[in-house]
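Here's the structure we're looking at; comments come further down.
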Amino acid sequence: MAEERTPLQGGNPGWAGETGEYGHLTEADVRGTTYVGKRPPEGTSPGASCSYPYQVGGGRPDAPLFEGPYRERLDKILSRYPNRQGALLPVLALAQEIRGHLSPESMAEVAAALGLAPAYVRGVATFYTMYHKRPVGEHLVQVCTNVACNLCGADEVLRAFLAATGTEPGQISADGQYTVIEAECLGACGFPTAVQVNDRYFENVSPEAVPAILERLAQEAAARSSAAARQGS
Ligand code: FES
């Protein structure tokens, strides 16, 4: 059988295959069609999407900020920046990780810890959508409805998550487990529809895949609670 050749070979001097270095690749390899759709169904590594878990479940709204191990993390963050203003974004992320969302009181505490004006901190926190100004469920489900995902049926995926969790966009489900919102581009446009649950990515999500994703999340949450109960007993 004749070797499969990309039509680009011989016709596009800018393509790496022209150098001979990548001549073994087929067009499918270059376009990614050999692996698109084969991403792990349990979601990809959080490290692929962000350098710190800016939204994780289990926030405690009344927890003290920046004490114990969190004080150590605050100091570590501060050591990386030339001034306290520069450290504001990761410190807000840390406060959200501890409490689950950023209330006006939390923003004021961040301002006090960094020696910044409360209005300045509030202006920054309210600018970025990754900071939650209201409580969210244990699992924050962000469905990308931007153009690439939208063309591939993101609206149906969003509706499937809302129907399965019994919520309207932004609401917390009755069991406290889920909040579903629309997101702007999640940076995974090659794998539509992209869905981010806390700090984990699910890609190539179809409406049919939604029950299995929610089931997986529920099983993991149950396993975490039993592990915590075992540790506490
Ligand atoms: S458009 Fe959905 S991830 Fe970019």
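With the simple spin-label model, which puts each label point 7 Å out from Cα in the Cβ direction, the residue 72 to residue 222 separation comes to 3.5 nm. Here is the list for segment 71-163: trypsin sites (Lys or Arg not before Pro) lying in DSSP coil, each with at most 12 other C-beta atoms within 10 angstrom of its C-beta, are 80.
So, in nm, how far is label residue 212 from label residue 133 when the simple model puts each one 7 Å beyond its Cα toward the Cβ? Here the answer is 3.9 nm between the modelled labels. Using a simple spin-label model with pseudo-atoms 7 Å out from Cα toward Cβ, residue 63 and residue 168 lie 3.1 nm apart. Temperature 10 °C, viscosity 1.306 mPa s: under these conditions the Stokes-Einstein estimate for segment 136-222, based on its Kirkwood radius over C-alpha pairs, is 127 µm² per second. Electrostatic bookkeeping for residue 167 treats Lys and Arg as +1 and Asp and Glu as -1; over the other residues with beta carbon under 15 Å from its beta carbon, the sum is -2.
Only the coordinates and a few stated rules stand behind these numbers; no lab work does. The structure presented is a predicted model; accordingly, all values stated were derived computationally and were not measured. Glycine gets a Cβ as well: all are built from the backbone with ideal geometry, and neighbour counts include every protein chain shown.
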